[in-house]
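Here is the structure we will look at.
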Amino acid sequence: MKIRIASSIALAAALTLGATGCSLIAAQDTLIQYAPSDGVDANVSGVEVRNLMLVADESGEQQNVVFTGINAGEKAQQLTISFMADGQQVATSEFEIPAGTTKFGDPEGEQAPVLVQIPEAKAGSLVDAYLSTPGAAEVQHRVPVLDGSLKEYRPYVLTAEQVTKFSAPGEKAADAKAGAESTSAN
């Protein structure tokens, strides 16, 4: 009888150790840092960039640069993002990241969306991007290009009217000049 009790206790101890002992030697995935959304995260000398992604406009020809910038300092920081294709720089966007947390890319937000035009950047692709702040080394990431297929990104898909509204002043001036030149030629 004592042998059965001892055997039962030994079996119960072996099962308990076998069921819980895995965590003693296995790597814990909860300790691995990752971007918990579809975008990428980067830290660039004083600026934290969270959930960086490009969201294509309705035509698919331009991309809205969407991310959250975190500046723990007291002064605004400049952030430059250079986008590459086939080893060539094809677009650059610049942001002023004020102290605190700021969302970029939301057409209804405080910061106007910044658009870039990257040839062949279609939804589902990745674009090489280099992030930098003045005086700091560049940080390279592959940034995903998304569209409005998922409902959480639909607000960031800009309409043709919004694209016109948020186009850079230099682009508007160049378009107006080109329009005036073509009008005067007629």
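Tabulated values for the structure
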{"quantity": "Some residue of region 44-57 being more than 19 Å from Glu152 (Cα to Cα) and loosely packed, with under 13 Cβ neighbours inside 10 Å", "calculated": "no"}
{"quantity": "Count of region 80-106 residues which are open to solvent by less than 40 Å² (accessible area, probe 1.4 Å) and within 18 Å of Val139 (Cβ to Cβ)", "calculated": "9"}
{"quantity": "Hey, Gln77 under 30 Å from Lys151 (Cα atoms) and either open to solvent by less than 70 Å² (accessible area, probe 1.4 Å) or modelled with pLDDT of 90 or more (or both) or not", "calculated": "no"}
{"quantity": "Residues satisfying the stated conditions in region 35-52, i.e. of a type outside the set (Asp, Glu) and in contact (Cβ under 8 Å) with a residue 40 or more places away in the chain", "calculated": "Gly39, Val40, Ala42, Asn43, Val44, Ser45, Gly46, Val47, Val49, Leu52"}
{"quantity": "Complete set of residues in region 53-81 that are out of contact with any Leu (no Cβ under 8 Å at 6 or more places or on another chain) and in contact (Cβ under 8 Å) with a residue 24 or more places away in the chain", "calculated": "Ser59, Gly60, Glu61, Thr68, Ile70, Asn71, Ala72, Gly73, Glu74, Lys75, Gln77, Gln78"}
{"quantity": "Of the criteria (1) open to solvent by less than 70 Å² (accessible area, probe 1.4 Å); (2) of a type outside the set (Val, Ile, Thr); (3) within 17 Å of Asn51 (Cβ to Cβ), which one Lys151 fails", "calculated": "(1)"}
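The values are calculated or read from the model by the stated rules, or taken from the named source; none is laboratory data. This one's a predicted model, so the numbers in the text were calculated from it and none came from an experiment. So basically every Cβ, Gly included, is an ideal-geometry build from the backbone, and we count neighbours across all protein chains shown. Note: areas computed on protein heavy atoms with side chains; ligands, DNA, RNA excluded. Shrake-Rupley method; radii C 1.70, N 1.55, O 1.52, S 1.80 Å.
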